[in-house]
Amino acid sequence: MSACKRLLYFVKHRSLWTHVRRNVTTWSPVGAAFNAKSVRRPDLFEKSGLFGVPELSCPAGFQAATKAALKNTELLVQRACSCPSGVETVDSFDQLSDGLCKVADLADFVKVAHPDAAFREAAEKTCIEIGTVVEKLNTNVELCKSLKNLLGNPDIVAQLDPDTRRVAELFMFDFEISGIHLDDKLRKEAVALHVNLLDLNNEFLVSSHMPNRIARSAIPEHLHLHFASEGSFIQVGGLHADSPDDLVREIAYRIYLYPNADLMGCLEELLKCRYKLAKLVGYESYGHRALKGTMAKTPAKDFKMMGDMKKKLNPRNSVIYVLCLVRYNIEPSLYSPYLSLGACMEGLNNLFSQLYGVSLMSEHPSAGEVWSEDVRKLAVVHETEGLLGYIYCDFFHRSDKPHQDCHFTIRGGRWCQETGQYQLPVVVLMLSLPHATKSAPTLLTPGMMENLFHEMGHAMHSMLGRTRYQHVTGTRCATDFAEVPSILMEYFATDYRVISQFARHYETGQPLPESMVARLCESKKVCGAADTQLQIFYAVLDQIYHSKPQNRSTTEILKEMQQKFYGLPYTPNTAWQLRFSHLIGYGAKYYSYLMSRAVASMVWRQCFVQDPLNREMGERYRREMLAHGGAKEPMLMVEGMLQRRPTIEDFVDALVSELNPNFETFIMDSES
């Protein structure tokens, strides 16, 4: 059915998103795919497992997939240890990494997102089993020796292309931080610590997303509809920060952040274990171990950036949020009718087409390929290069689904010597958007729209990279560079020249007024000072947690750091750190968001602010930054794009300068 016929059908039958009016909104195929309810056709012959992996048609399939991956691992280890030193050695290492990652990364997603507990449990077992093997491989002396023989021979190294040499060095770096230099006894201790950390990481990650509950009688009856019910209890699974009701936000904050003794113990044990591992393998702290190989390099540089920024931020920003609402009237409900999910997806499609020559095309998944009927599948197609990869869009709220917006790599791209073809990347974008209603499609707040653009930035990083090696594909790069493409997308999401191409009222088709976009942008800049100070607090807290042991509770540390680095006081009987799930993936590296925002700010102002739809600049951005993944030093990619090498002072100035002018103007306007 064409988009127009589909639209007429829904109008005739009391459309999901439009009433019968003279100016009826029409949608492109990608817009219609997200603004219409998903209709699953019965597939009699198309049968598949999750993501098209045949074994994963049932939970038991994880065991079979794991067994096959580990068998292949044994063969590749033998090959890597016996082949002549050279490119073949690095290829073997990368195939080894790819074979394990294709199962482990998929399982890593399924264990937190699949609605079936049996699938989640099977995936969790796979993560632990493969994770244990990886830690053992990272301390495999024979495997390391083959890489040392390669890197220790200047003649062989001179013949390697830059990407192959860097990947070889990155694999050696993995050996070094895992304690390959230790004696047998200490190496075994390092492996045991790694394995223990796998369990602790998983326990904290899963528990940090679990809802808290409170007796229904403890909450005013008229507010029950804002929360999920469980018998005589109310479940609170998030902060409800977008709710216009003050009491709803306060209840959510106090209940969702209420301390959990078991989770508190898990976090404190996790931090102790990380410190012990870092000391064992020769680092001053876990922070020093984590930051080696990043743009910051050391915690000292990280702290310098945080301190410099704190000094430059206006101290009066604690009252900004309320003033900003009064001054700019940015009530989300005023914007949402113009920001249907379908319209936003059309906007992304148009943007990528103009910048990169890339289109998003909706595809119908096979039976069993997706884990929920409302998951959409997109093929990413380049105008001359053809199919680049697939994005699975798990966008809608459901029970037991984490509330955090995330990007997951399911399969990394790489050139396959064995087949002579490029292995196409596969990713999942996970959001928690409201479902469509009988009278309207899914409508986004400005914050939701910005998050969608952010996560799609990660996805396009994965799609547009064309690295030879899977180990460095897409977002597999330095953590403080990985957020640059996603944060840069936030600038596009608030530029009227971009927004005007897609933001239109879902009923009338009227465009979002430019004045409303201007108010939104001004409010973001004003509130940005408070948000930046909050991010500094998070980053400093993360660094303190991963420095030397503090001999006090994580809550006491949080309270002190909040007093020093954030303008709002600590709320008694809360433990926000227990919901700080980024401590797992971004442990000691949460500063990355600020570092990446500084780089993104510089790229935006220097390269895109004059014309955000400039194809020539889009191609340069892909060539200099997106294409390399982690195959190039991050600072060299930044230097290539900006044509200069920025300093820490440049990073600080980039962040603060875009806040100060409007910030000061707003204060004067408000006080007068």
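The values are calculated or read from the model by the stated rules, or taken from the named source; none is laboratory data. This is a predicted model, so every value here is computed, not measured. Please note: Cβ atoms are built from the backbone with ideal geometry, for glycine as well, and neighbour counts cover all protein chains shown. Accessible surface is based on the protein model in full, side chains and every heavy atom, while ligands, DNA and RNA are left aside. Shrake-Rupley method; radii C 1.70, N 1.55, O 1.52, S 1.80 Å.
A few comments on the model shown:
- Filter pass, residue 595 being at pLDDT 95 or above and buried (at least 18 other Cβ atoms within 10 Å of the Cβ): no
- Residue 297 fulfils the conditions (1) part of a loop (DSSP other than H, G, I, E, B); (2) open to solvent by less than 50 Å² (accessible area, probe 1.4 Å); (3) not hydrophobic (A, V, I, L, M, F, W, C) except for a single criterion, (2).
- Cross-chain or 6+ apart pairs with Cβ under 6 Å, segment 581-596 first and closer than 13 Å to residue 540 by Cβ, then among the aromatic types (Phe, Trp, Tyr): 588/286; 590/538
- Filtered by the rule that a residue be under 14 Å from residue 341 (Cβ atoms) and at pLDDT 95 or above, segment 397-432 gives 429, 431.
- Residue within segment 78-86 that is small (Gly, Ala, Ser), modelled with pLDDT under 95, part of a loop (DSSP other than H, G, I, E, B) and under 25 Å from residue 167 (Cα atoms) present: yes
Yes/no matrix, rows are residues, columns are (1) open to solvent by 10 Å² or more (accessible area, probe 1.4 Å); (2) β-branched (Val, Ile, Thr); (3) within 27 Å of residue 93 (Cβ to Cβ):
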| residue | (1), (2), (3) |
| --- | --- |
| 464 | no, no, yes |
| 468 | yes, no, yes |
| 475 | yes, yes, yes |
| 492 | no, no, no |
| 503 | no, no, no |
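- Flag for residue 234 being open to solvent by less than 40 Å² (accessible area, probe 1.4 Å) and in contact with a Lys or Arg (Cβ under 6 Å, 6 or more places away or on another chain): yes
- Tabulated pairs, segment 164-186, first at positive phi, second open to solvent by less than 20 Å² (accessible area, probe 1.4 Å) and polar (S, T, N, Q), C-beta under 8 angstrom, 6+ apart or interchain: 179/139
Per-residue answers, yes or no, for (1) in contact with a Ser or Thr (Cβ under 6 Å, 6 or more places away or on another chain); (2) among the acidic types (Asp, Glu):
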residue: 77; (1), (2): no, no
residue: 87; (1), (2): yes, no
residue: 91; (1), (2): no, yes
residue: 101; (1), (2): no, no
residue: 110; (1), (2): no, no
residue: 114; (1), (2): no, no
residue: 130; (1), (2): no, no
residue: 135; (1), (2): no, yes
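- Residue identified as over 25 Å from residue 358 (Cα atoms), in the same structural domain as residue 620 (by the TED database) and in contact with a strand residue (DSSP E or B) (Cβ under 7 Å, 6 or more places away or on another chain) among 435, 458: 435
- Scanning segment 375-427 for residues that are open to solvent by less than 50 Å² (accessible area, probe 1.4 Å), part of a loop (DSSP other than H, G, I, E, B), farther than 30 Å from residue 227 by Cα and touching a residue at least 24 places away in the same chain (Cβ under 8 Å) yields a count of 4.
- Every listed requirement among (1) acidic (Asp, Glu); (2) touching a strand residue (DSSP E or B) at 6+ places or on another chain (Cβ under 9 Å); (3) open to solvent by 40 Å² or more (accessible area, probe 1.4 Å); (4) more than 19 Å from residue 37 (Cα to Cα) is met by residue 363 save one, (4).
- One residue stands out among those in segment 201-220 that are hydrophobic (A, V, I, L, M, F, W, C) and without any contact (Cβ under 8 Å) to a residue 60 or more places away in the chain: the one that is least open to solvent (accessible area, probe 1.4 Å), which is 219.
- Test: residue in segment 221-231 that is part of a helix (DSSP H, G or I), closer than 30 Å to residue 398 by Cβ and open to solvent by less than 40 Å² (accessible area, probe 1.4 Å): yes
So that you can scan it fast, the table gives a plain yes or no per residue for (1) at pLDDT 95 or above; (2) in the same structural domain as residue 385 (by the TED database); (3) under 21 Å from the mean Cα position of the chain (by Cα):
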residue	(1), (2), (3)
623	yes, yes, no
627	yes, yes, yes
637	yes, yes, yes
642	yes, yes, no
647	no, yes, no
654	no, yes, no
660	no, yes, no
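- Qualifying residue in segment 649-657 (condition: open to solvent by less than 10 Å² (accessible area, probe 1.4 Å), closer than 30 Å to residue 161 by Cα and among the small types (Gly, Ala, Ser)): no
- All helices (runs of 4 or more DSSP H) inside segment 111-176 with 3 or more residues being under 31 Å from the mean Cα position of the chain (by Cα) and under 21 Å from residue 470 (Cα atoms): 117-137
- Candidate set from segment 505-520 (those that are part of a helix (DSSP H, G or I) and without any contact (Cβ under 8 Å) to a residue 60 or more places away in the chain); member that is most open to solvent (accessible area, probe 1.4 Å): 514
- Criterion (in the same structural domain as residue 346 (by the TED database), touching a residue at least 60 places away in the same chain (Cβ under 8 Å) and more than 30 Å from residue 633 (Cα to Cα)) met by exactly one of 523, 500, 486: 523
- Residues of segment 566-601 satisfying the condition of being charged (D, E, K, R) and within 24 Å of residue 201 (Cα to Cα): 579, 589
- Residue list for segment 428-456, filter: assigned to a strand (DSSP E or B) and either of a type in the set (A, V, I, L, M, F, W, C) or surrounded by 23 or more Cβ atoms within 10 Å (Cβ to Cβ) (or both): 428, 429, 430, 431, 433, 443
- Selection count where residues are open to solvent by less than 40 Å² (accessible area, probe 1.4 Å) and without any contact (Cβ under 8 Å) to a residue 12 or more places away in the chain, scope segment 153-163: 1
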